[in-house]
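J.: Please find one structure pasted underneath; my questions will follow.
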Amino acid sequence: MRLLWIDDGQTQKALSRRNNVAENTTTAVIVAMERAGLVTRKRDPADRRRSIVRLTGKGRALRPKLIPFADHVNDIARQDIPEADLAVCLDVLKRMSGNLEQAFLALTEDRNFDEPGA
C-alpha cells in the first residue's frame, strides 16, 4: 500500500518490481487487498493485458493510521545501530538484490532451470 500511497494507479508488474517481489506474490496480495476493499483493479484501456491497481477510499484512509506504526517498528529495528552501519547494510542489501535480480532474469531468459551456475 505504501507504493500506492506515494503513486496511486500502478500496474501489478510495476508494483512487483518496485517491491522486489515475484509477480505471483504481488497478485496474491492484491487479491486479498481487493477482497478487503482496499484496492481496485481495472484493465488498462491502452493495453488490456495490464491491470491498473488503485486505492479505494478505505485504502487511502489507512495511511495516517499505518505510517506511524511502520515508523515505530523501524525505530525499534534501528535502535542502537549507528547510521553509518545502517547505510552500509542498505547498500549491501541493494547490491545483493540487484545481483539476484540479474541472475533470475538471466535464468528465466535461458529457461535453464536444471543447471545452477550455468
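The values are calculated or read from the model by the stated rules, or taken from the named source; none is laboratory data. Predicted, not measured: the structure shown is a model, and the values here were computed from it. We place every Cβ from the backbone using ideal geometry, glycine too, and count neighbours over all the protein chains shown.
J.: Mind checking whether some residue in the range 72-86 is part of a helix (DSSP H, G or I), among the β-branched types (Val, Ile, Thr) and out of contact with any Leu (no Cβ under 8 Å at 6 or more places or on another chain)?
T.: yes
Here's the yes/no breakdown for (1) within 23 Å of residue 13 (Cα to Cα); (2) touching a residue at least 40 places away in the same chain (Cβ under 8 Å):
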| site | (1), (2) |
| --- | --- |
| 42 | yes, no |
| 45 | yes, no |
| 50 | yes, no |
| 53 | yes, yes |
| 56 | yes, no |
| 62 | no, yes |
| 75 | no, no |
| 78 | no, no |
| 85 | no, no |
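J.: Restricting the first residue to the range 98-118 and requiring it to be among the small types (Gly, Ala, Ser) and exposed (fewer than 10 other Cβ atoms within 10 Å of the Cβ), which pairs with a second residue that is modelled with pLDDT under 65 and in a loop (DSSP other than H, G, I, E, B) meet a Cβ separation below 9 Å and a spacing of at least six or different chains?
T.: Short answer, once both residue conditions are applied: 118/112.
J.: So, residue 60, is that one basic (Lys, Arg), within 22 Å of residue 1 (Cα to Cα) and at pLDDT 95 or above or not?
T.: Answer is yes for this residue.
J.: Of all residues in the range 1-25, which are in contact with a Lys or Arg (Cβ under 8 Å, 6 or more places away or on another chain), within 21 Å of residue 70 (Cβ to Cβ) and assigned to a helix (DSSP H, G or I)?
T.: 3, 4, 5
J.: A further question on this structure: Let me confirm something: among 52, 67, which residue is assigned to a helix (DSSP H, G or I), surrounded by 10 or more Cβ atoms within 10 Å (Cβ to Cβ) and under 18 Å from the mean Cα position of the chain (by Cα)?
T.: 67
J.: Then there's this: Condition first: touching a helix residue (DSSP H, G or I) at 6+ places or on another chain (Cβ under 6 Å) and surrounded by fewer than 13 Cβ atoms within 10 Å (Cβ to Cβ). Now tell me which residues in the range 24-45 satisfy that.
T.: 37
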